[in-house]
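Beneath this line is the structure, given in structure tokens, with notes to follow.
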Amino acid sequence: MISIKSLHKYYVNNQVLKDINLKFNPGEIHGVVGENGAGKTTLFRSISGMENFKGTVEYTKGEIKNTMGFLPTDPYFLSKITGKEYLQLLCNARNVEVFDFEEKNIFDLPLHHYAETYSTGMKKKLALTGVLMQNNDIFILDEPFNGVDIYSNTIINQVLTKLKELNKIVILSSHIFSTLYETCDYLHYLKNGSIVKSVDKLQFKSIEEEMQASGIEVKIDKLDLK
Amino acid sequence: MRYYFLLQYKRIHRSFKDFGTEPFIGYPIIVVLFYLMSSSIFENVLYANYIYVLISTLFAYAVGNSEHARFIKQHFSIVNYRKIVVMNNMLKVTPFAIFLLYKTYYTEVFLVYALAFFVSLAKKRSRVSLTIPTPFGKKPSEFVIGFRKTFWLFLLIYGLAAIATYKGNFNLGVFSLVSIFFVCSSYYMKPDPDFYIWIHAMNSRDFLKHKIVIAIKYSFMLTAPILFVLSVFYLDQIHITLFFLIMGWLYLVMYLLMKYAFQNQGLELFQGVVGVLCLLFPPIMVITIPYFYTKAINNLDLLLK
């Protein structure tokens, strides 16, 4: 289990995360939703240990970093490195031996091409394949469905179901509510750096409605489109 | 367009601040270093005026990335885009031109600007679809990326080693050996994104050890043909060959440590200066290597707990 207690994050004097308290159990899929800039990525980076913060993130099975797969919103690929080499690098980093990368290439990516030449969706799929090959216990997936085609979205959904069956901890973010309905057990609404609502599957609708009722029409009117 | 150049000026200012120094201190340091490096070229190199022109052209071509160029192309009109590219290249070579003026090489000043103009017309390829094979795929690292960017240099260096053997010039052979280490050191000029460090399930010491082993192993693979030739044809001078091999490894390890000692600080210039100093006076490495090692460990501890 991952237990987050009183997590605060500041960038100089700007507080971006305020008193976050959450618990994630094995076999559960948690969704974190919020507007752009609400602090989702910062929260994920804090849990992973890539950011310093105030408060604690405890993991009952030991060192969280070494058993966590992190899928960034916008995966960065080193130049002149092929898809296969990227996967090899991620496996080497966790001492995982893989003999046949093509067999595990579930998205049929051109692994012998440079990753930097991949499209947005292909980059996301390559990065996701990498974290799946690392045999992690925890998965933080920052917008895994973003930019990915419908067929691959279905594969990702099935992968998430499988991870749940395998008793993994999955935390993800998405702006597409339909995918959250399909995959998540719990949803946490992050607004201005605070978790304002945490609900189970039966109450997802309440968060969706709350997010939609934030004066969209007034904002568009202000744009004064001509 | 005016605003674009104003922004570039602000970016340079900010990079000084990121470096940890005030611009009014940074600019004079850059000018002095540029003067010292230029002077040393003219003092030590044959046909320095022509080589200097070549360096300025390479500088205009190499500095600046294609993403940046694409961004300008997308958002400015084609005429303004051309103007910006030409202006950028002219500005880049101006310090070289000033130094040539100071040395009274007037024709070369004209050449510097003319070549910079032609370089502006050249189309820079950003995405090469051809995958260059490397022997380093089992442990993808700086060597995979670096080798693909500099593989053509190895053809030249191995060519030099062949000439050294044919002409019986041991010094040229040693020069080719040392050149390999220069090229490999350049692989460590760019910091890793945090993510690529964070993914490693090891502590900072093990991480550095792992990186150093890779650097030594792969640089040995690249120097092996030259080492073989030198030890077969110049067996009596094997001690000199081994001396330069070990110095090369120390130099490479220092660059590697420097990369992690200044992670996220974009210190290419600083690395260059320290590199030149250690080249001129190698005993400095007795101080720099342990210092950069400690600093690298402290830095890596933030990501590798």
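Data for the structure
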{"quantity": "Cβ-defined net charge surrounding A:GLU85, 13 Å radius [Lys, Arg +1; Asp, Glu -1]", "calculated": "+3"}
{"quantity": "Value at 222 nm in deg cm²/dmol, rounded to 500, when DSSP H runs of n ≥ 4 in chain A each add -39,500 (n - 2.57)", "calculated": "-10000 deg cm²/dmol"}
{"quantity": "Nonlocal amide H pairs with A:SER194, under 5 Å, H built at 1.01 Å", "calculated": "A:LYS18"}
{"quantity": "Most mobile listed residue (A:SER48, A:SER174, A:SER79) in chain A, GNM with C-alpha springs under 10 Å", "calculated": "A:SER79"}
{"quantity": "All-pairs alpha carbon distance profile, segment A:14-142, 5 Å steps from 0, percent", "calculated": "2, 9, 18, 21, 18, 14, 10, 6, 2, 0"}
{"quantity": "Convex hull of Cα atoms in the protein assembly as shown, direction-averaged projection (nm²)", "calculated": "29.8"}
{"quantity": "Segment A:74-136: radius of gyration and largest Cα-Cα distance (Dmax), Å", "calculated": "10.5, 29"}
{"quantity": "Cα centroid separation, segment A:1-62 to segment B:82-96 (Å)", "calculated": "47"}
{"quantity": "Accessible area of segment B:100-197 divided out per residue, in Å², using a probe of 1.4 angstrom", "calculated": "54"}
{"quantity": "Rounded to 5, percent antiparallel among DSSP beta bridges of the protein assembly as shown", "calculated": "55"}
{"quantity": "Distance in nm between pseudo-label sites at B:ILE246 and A:ASN21 (7 Å out along the Cβ direction from Cα)", "calculated": "6.2"}
{"quantity": "Rounded D (µm²/s) - chain B, Kirkwood Rh over Cα pairs, Stokes-Einstein at 10 °C, 1.306 mPa s", "calculated": "73"}
{"quantity": "Bridge type composition, chain A - antiparallel percent by DSSP, nearest 5", "calculated": "55"}
{"quantity": "Residue-wise HN-Hα coupling along segment A:13-22, computed from phi with Karplus coefficients 6.51, -1.76, 1.60 (Hz; x: Gly, Pro)", "calculated": "9, 8, 8, 9, 10, 10, 6, 7, 10, 9"}
{"quantity": "Computed FRET value (nearest 0.05) for B:PHE228 with B:THR150, which takes r as the C-beta separation and R₀ as 30 Å", "calculated": "0.90"}
{"quantity": "From phi via Karplus (6.51, -1.76, 1.60), per-residue ³J(HN,Hα) for segment B:236-253 in Hz, x at Gly/Pro", "calculated": "5, 10, 4, 5, 6, 4, 5, 4, 5, 5, 5, 4, x, 5, 4, 4, 5, 5"}
{"quantity": "Table column - 3J(HN,Hα) (Hz), segment B:178-187, Karplus curve with 6.51, -1.76, 1.60, x for Gly and Pro", "calculated": "5, 4, 4, 5, 4, 4, 5, 4, 5, 5"}
{"quantity": "20 Å Cα-Cα threshold exceeded, pairs from B:LYS138/B:LYS259; A:LYS61/A:LYS191; A:LYS84/A:LYS125; A:LYS65/A:LYS168; B:LYS139/B:LYS305; A:LYS61/A:LYS168", "calculated": "B:LYS138/B:LYS259; A:LYS61/A:LYS191; B:LYS139/B:LYS305"}
{"quantity": "All-pairs alpha carbon distance profile, segment B:81-192, 10 Å steps from 0, percent", "calculated": "12, 24, 27, 31, 7, 0"}
{"quantity": "Net charge, A:ILE138 excluded, C-beta distance under 10 Å - Lys, Arg +1, Asp, Glu -1", "calculated": "+2"}
{"quantity": "Cut-off under 5 Å, modelled amide H: who pairs with A:ILE29 long-range", "calculated": "A:ASP185, A:TYR186"}
{"quantity": "FRET efficiency estimate (nearest 0.05) - Cβ-Cβ, B:LYS209 to B:LEU6, R0 51 angstrom", "calculated": "0.65"}
{"quantity": "Hydrodynamic radius of segment B:1-125 per Kirkwood, over alpha carbon pairs, in Å", "calculated": "15.9"}
{"quantity": "Inter-chain Cβ neighbour average for residues B:131-142, partner chain, 10 Å", "calculated": "4"}
{"quantity": "Mean separation of Cα contacts under 8 Å (6+ apart) over length of chain B, as relative contact order %", "calculated": "16"}
{"quantity": "Long-range HN-HN contacts of A:GLY55 with modeled amide H, under 5 Å", "calculated": "A:HIS8"}
{"quantity": "Between segment B:34-64 and segment B:169-186, the alpha-carbon center distance in angstrom", "calculated": "20"}
{"quantity": "Loop sites in segment A:1-96: GluC sites (Glu not before Pro), DSSP, at most 14 other Cβ within 10 Å", "calculated": "A:GLU35, A:GLU63"}
{"quantity": "Chains A and B, summed buried accessible surface - 1.4 Å probe, Å², nearest 100", "calculated": "2900"}
{"quantity": "Alpha-carbon spread of chain A, three principal axes, descending order, Å", "calculated": "53, 51, 39"}
{"quantity": "Where the Cα pairs of segment B:190-305 fall when distances are cut into 5 Å bins, in %", "calculated": "2, 11, 19, 20, 18, 13, 9, 5, 3, 1"}
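The values are calculated or read from the model by the stated rules, or taken from the named source; none is laboratory data. Just so it is clear, the structure is predicted and the values come from calculations on it, not from any experiment. Note: ideal-geometry Cβ built from the backbone for every residue, glycine included; neighbour counts use all protein chains shown. Accessible surface areas use protein heavy atoms only, side chains included; no ligands, DNA or RNA. Shrake-Rupley method; radii C 1.70, N 1.55, O 1.52, S 1.80 Å.
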